[in-house]
2 protein chains.
Amino acid sequence: MNPTACILVIGNEILSGRTQDVNVQYIARRLAELGISLMEVRVIPDVRETIVTTVCDVRARFDHVFTTGGIGPTHDDITAPCIAEAFGVPWSIHPESFGLLEAHFPPGEFNAARQRMATLPEGAIPIRNPVSVAPGFSMGNVHVMAGVPRIMRAMFEELAPGLTHGTPVTSISWYALDLYEGTLAAGLSDVQSRHGQVDIGSYPFRRPDGRRGVALVSKGLDAPAVHQAADAVHDLIETLGFTPIAGEPPP
Amino acid sequence: MNPTACILVIGNEILSGRTQDVNVQYIARRLAELGISLMEVRVIPDVRETIVTTVCDVRARFDHVFTTGGIGPTHDDITAPCIAEAFGVPWSIHPESFGLLEAHFPPGEFNAARQRMATLPEGAIPIRNPVSVAPGFSMGNVHVMAGVPRIMRAMFEELAPGLTHGTPVTSISWYALDLYEGTLAAGLSDVQSRHGQVDIGSYPFRRPDGRRGVALVSKGLDAPAVHQAADAVHDLIETLGFTPIAGEPPP
């Protein structure tokens, strides 16, 4: 069994529709490569009680929790003190991070707001931020990262080598043009039942020129089994009189 | 108090990173316009027990639950029977939807897989699908929609006029170039504490040309209070020696 994970997106800007999240897809793809099973994503508001309660809930249920958002210098950045509260530890200056940030800013500009970014839950291990210095951190199994995508990705890559890995997901896609889900459903259900340890997903698409089709994705941890299921999917498409094309349909 | 809502994204394809979700932002923006407060988003896998348990949980906690995904004709489309199970009602042919779909397909093509799309929890009210006929449905406070964005949006707009509305969110943004969060944090915190019923969010950005800045969003249900807070944000930017620009920074 692979380790499990949950992503917690902390951000009013996602719930208001102001911002299109792009962090979930990045983390999801990387976790699949690392062999960590992403089981759930939650988006919650910048509300102290909600953050604390949700962190306590998900950190007990999953091996890893990845949070994004709420670690900047402004009043609405409350993730770090909430994590401290969830773990029942003080939120205090982290001397090494304080030193790095102090050295980064011109004299006189390392003000109280910026010093908040060097304030971590006691016992947290900082995650280096090669983009803008202010660190993320891991507290137990909770990995706290920035919401800005460029910074989040850099933090994730700092963190990735140290995470307990599992078996990477093997995923094989075939697609066909002009084939509809209703036409292949019975045959695909049969393929799925003969390949129980593989997840077979069916995703209709429509190209910008209006031409339609369906993509069939076989996915699992047992690589030979995934290849066998994907072969069966390929053969099903042919049997129905369509041309299987390897990969995902171009956007 | 506005009615509350939760979005439940049901889809392995989001958790695997295959697909970039775009439905959440659409629904979030429309709910803000309708005066329905989006409190949480969850992404969960196509797993029966997880869907049933999560639906039971969130429908008790929020006034509205909007689900996307899992209502097509293939084996991995299990949302409808799971909703039936969550409500403890049979999952059975809905005659009117059956008739519409039967008339839509050429003779002989309305097969068993497609008939599944006319199978609804007993007591569900269908949501018309002007794009591809197969309906969504409302079961109590749970509104079940397609995952394909074009179809989801059409279903949402069918649903919207019948939802209990509240007070629309008023949102006013100002942004400034070359201003950083660490510079304005103390002043902004002061503005926030003087305008307690308004949510003021601070969002740094970086343009493709590398030039940076910050967007400050004042948001709330009390329109005059939001205008007052936004005026204070405007004045703060000026006081700091920067030029406030109305609206959101261009992407």
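A few remarks follow.
- Unmet requirement for B:Tyr175, which otherwise passes all of (1) without any contact (Cβ under 8 Å) to a residue 40 or more places away in the chain; (2) farther than 30 Å from B:Val89 by Cβ; (3) crowded, with 21+ Cβ neighbours inside 10 Å: (1)
- Residues satisfying the stated conditions in the range B:229-251, i.e. in a helix (DSSP H, G or I) and either at pLDDT below 95 or touching a helix residue (DSSP H, G or I) at 6+ places or on another chain (Cβ under 9 Å) (or both): B:Ala229, B:Ala232, B:Val233, B:Asp235, B:Leu236, B:Ile237, B:Thr239
- Any hit, the range B:23-42, residues being within 25 Å of A:Lys219 (Cα to Cα), polar (S, T, N, Q) and in the same structural domain as B:Asn129 (by TED's automatic domain parsing): yes
- Looking across the range B:32-63, the residues that are among the small types (Gly, Ala, Ser) and touching a residue at least 12 places away in the same chain (Cβ under 8 Å) come down to B:Ala32, B:Gly35, B:Ser37.
- When the test is whether a residue is within 9 Å of chain B (Cβ to nearest Cβ) and hydrophobic (A, V, I, L, M, F, W, C), A:Ile51 does not pass it.
- Checked against the criterion of being facing chain B (nearest Cβ under 7 Å) and not aromatic (Phe, Trp, Tyr), the range A:56-73 has at least one qualifying residue.
- Residues (over 22 Å from A:Asp46 (Cα atoms), within 12 Å of another protein chain (Cβ to nearest Cβ) and surrounded by fewer than 17 Cβ atoms within 10 Å (Cβ to Cβ)) located in the range A:98-132: A:His104, A:Phe105, A:Pro106, A:Gly108, A:Glu109, A:Asn111, A:Val131
- Matching residues, the range A:98-114, being touching a strand residue (DSSP E or B) at 6+ places or on another chain (Cβ under 7 Å) and within 22 Å of B:Leu184 (Cβ to Cβ): A:Leu101, A:His104
- The residues of the range B:132-150 that are aliphatic (A, V, I, L, M) and either modelled with pLDDT under 95 or part of a strand (DSSP E or B) (or both), listed by number, are B:Val133, B:Ala134, B:Met139, B:Val142, B:Val144, B:Met145.
- Members of the range B:188-208 found to be touching a Gly at 6+ places or on another chain (Cβ under 9 Å) and more than 9 Å from chain A (Cβ to nearest Cβ), listed by number: B:His195, B:Gln197, B:Val198, B:Arg207
- So A:Arg29, is it crowded, with 19+ Cβ neighbours inside 10 Å, among the charged types (D, E, K, R) and without any contact (Cβ under 8 Å) to a residue 60 or more places away in the chain: no
- Count of the range B:198-211 residues, restricted to those that are buried (at least 16 other Cβ atoms within 10 Å of the Cβ) and in contact (Cβ under 8 Å) with a residue 24 or more places away in the chain, is 4.
- For the residues A:Arg150, A:Arg206, the requirement of being closer than 30 Å to A:Ala80 by Cβ and of a type in the set (Lys, Arg) singles out A:Arg150.
- Among the residues listed as B:Ile93, B:Ile36, B:Ile10, B:Ile71, the single one being within 17 Å of A:Met39 (Cα to Cα) and hydrophobic (A, V, I, L, M, F, W, C): B:Ile10
The values are calculated or read from the model by the stated rules, or taken from the named source; none is laboratory data. Not measured: the values here are computed from a predicted model. Cβ: placed from backbone, ideal geometry, glycine included. Neighbour counts: every protein chain shown.
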